[in-house]
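The values are calculated or read from the model by the stated rules, or taken from the named source; none is laboratory data. From a predicted model like this one, the values you see are computed outputs, not experimental measurements. For neighbour counting, all protein chains shown are included, and Cβ atoms are generated from backbone atoms with ideal geometry for every residue, glycine included. The area values use the complete protein model at the heavy-atom level, side chains included, leaving out ligands, DNA and RNA. Shrake-Rupley method; radii C 1.70, N 1.55, O 1.52, S 1.80 Å.
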Amino acid sequence: MEAKDIKKVACVGAGVIGYSWALYYSLKGLTVNVYDLTDEKLELAKRRIHESLLNLKNNDVVNESEITEIESRIYYTTSMEEAVKDVQFITESGPESYEVKQKMVEEMEKYTSKDTIISSSTSGLLITEIAKDAKYPERFIGAHPYNPPHLIPLVELTRGDKTDSHILEVAKEFYQMIDKEPVVLQKEALGFICNRIQMAVYREVCNLVMNGVCTIEDADKAVTYGPGLRWAIMGPSLVFELGGGEGHIDGLMKHLNSSISLWLHDMADFKDFPEQFPEIARKGVEEAMKNRPREIGNDNQSLAEYRDKMLISLLKLHNKL
């Protein structure tokens, strides 16, 4: 099978990630089967899809007639057989548990063609382990999105130890065809690329807060109005390339090496977050929310609306919407 042959997909698991994948696939003209265990979960997914489409309409991405067309391409079922039997590509978005995902693999493989590609939205589990009991482990890949998948272009692709290289190439081409930005891990890594980078940054946020250097609110502001703005345009290596001027990135790093070493030796390297930090973070977030006007989000709902509005504006600048 080639990427151009993928016309119908299944989203197995319709939670926060699964519904967003389903919406994205339909936005790109694909027929989508959405599976979950209960009608209640499917109704919630259907409602989330509609609300997300209304948000896209309010931001001039789609119009009313397009909403109807997009929703008409999505089918909902509590039957695994019905969901996966005639699709070319499956996105699994089940709970982040090897045991659960392995059971889902067993169930999916009862009804799929051996040529159907099965991808997992796992946030960082190993595909080798997820597919260890699969009948056709060569067609399993990891395809980790960033939330919400219907807006953020990134998808991180990884293979298991039995994944066919051709399958990974087909998946990469498929995602490129539907305007995603796939990056490929050269070997398996827990947490993929971005979750590891994100957690390294947040570990240092924790360290700074716990040592009384700054508040949760000011750490967030520092990232948002400092490196976050640059990272929304280009990655950290390209940022450093520009920072190095005629000396390039290697000149910058050599020039700052002695200073950088001082910072690194003073930074966090703990392997577990302090037990009390989650509560400290929650209180810090609540305090920060009080200081935000509603138009930029001062509760979870308005914050999500603001996030999506800003993401859409950035994506338009990147010619991704």
Right, Phe174: in contact with a Phe, Trp or Tyr (Cβ under 8 Å, 6 or more places away or on another chain) and among the aromatic types (Phe, Trp, Tyr) or not? yes
From the option list Lys135, Lys114, single residue qualifying as open to solvent by 70 Å² or more (accessible area, probe 1.4 Å), modelled with pLDDT of 95 or more and part of a loop (DSSP other than H, G, I, E, B) is Lys135
Only one of these conditions is not met by Glu71: (1) in contact (Cβ under 8 Å) with a residue 60 or more places away in the chain; (2) open to solvent by 50 Å² or more (accessible area, probe 1.4 Å). Which number is it? (1)
Could you go through the range 181-202 and let me know if any residue there is of a type in the set (Asp, Glu) and surrounded by 17 or more Cβ atoms within 10 Å (Cβ to Cβ). yes
Need a quick list: helices (runs of 4 or more DSSP H) entirely within the range 183-262 having at least 3 residues that are in contact (Cβ under 8 Å) with a residue 40 or more places away in the chain. 194-210, 216-225
Answer from Lys135, Lys172, Lys180 - the residue that is among the basic types (Lys, Arg), touching a helix residue (DSSP H, G or I) at 6+ places or on another chain (Cβ under 7 Å) and either within 19 Å of Trp21 (Cβ to Cβ) or free of Cβ contacts under 8 Å to residues at least 40 places away in the same chain (or both): Lys135
Test for Ser20: is it in contact with a helix residue (DSSP H, G or I) (Cβ under 8 Å, 6 or more places away or on another chain), assigned to a helix (DSSP H, G or I), hydroxyl-bearing (Ser, Thr, Tyr) and closer than 22 Å to Glu96 by Cβ: yes
Tyr306 meets each of (1) in a helix (DSSP H, G or I); (2) of a type in the set (Phe, Trp, Tyr); (3) more than 27 Å from Leu151 (Cβ to Cβ) with one exception, condition (3)
Search result, residues across the range 311-321 that are open to solvent by less than 90 Å² (accessible area, probe 1.4 Å) and part of a helix (DSSP H, G or I): Leu311, Ile312, Ser313, Leu314, Leu315, Lys316
Matching residues, the range 1-49, being touching an Asp or Glu at 6+ places or on another chain (Cβ under 7 Å), without any contact (Cβ under 8 Å) to a residue 60 or more places away in the chain and open to solvent by 70 Å² or more (accessible area, probe 1.4 Å): none
